[in-house]
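Written below as structure tokens is the structure these notes are about.
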Amino acid sequence: MAVWHRWLAAATTLGTLSLGWPAWAEAPSVYYAWRTLAGNPEACVEQARLALAGEQLQQIQAAGTSVTGRSLEATAVVMCVEQDVDTTTVMVVVSSLNEEAALTLREALKERF
């Protein structure tokens, strides 16, 4: 019985602590935009690489039809989704702890598509 009570106390303590953790961390600002482009996803991915590089983002990586990059203040993901043979939807997602930096980067990336 004593082991059960210790386990219950430990589980209750951990559960209570886990409820408090989100209050300690600041949630990032996340902003997105999308639009339809003429062309295929491969062309969109290349345009995304150029757009992220043009905004001075680092660690630019492509995986399939997504491209990511980051600066000291923000992270951006560009996804290219094929709609039909000559149409692609591009989605830009930007996240940062600095809301102004996130919005500024999103708007700059929107101008590049």
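No lab work stands behind these numbers, since they all come straight from the coordinates. Keep in mind that what you see is a predicted model, and the values were worked out from it rather than measured. No Cβ is skipped: glycine too gets one built from the backbone with ideal geometry, and neighbour counts run over all protein chains shown.
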If amide H atoms are built 1.01 Å from N in the plane of the peptide, which residues on other chains or at least 5 residues away come under 5 Å of the amide H of residue 87?
39
With point charges of +1 on the Cβ of Lys and Arg and -1 on the Cβ of Asp and Glu, referenced to the Cα centre of the stretch 27-111, which listed residue (27, 71, 41) lies farthest in the positive direction of the dipole?
27
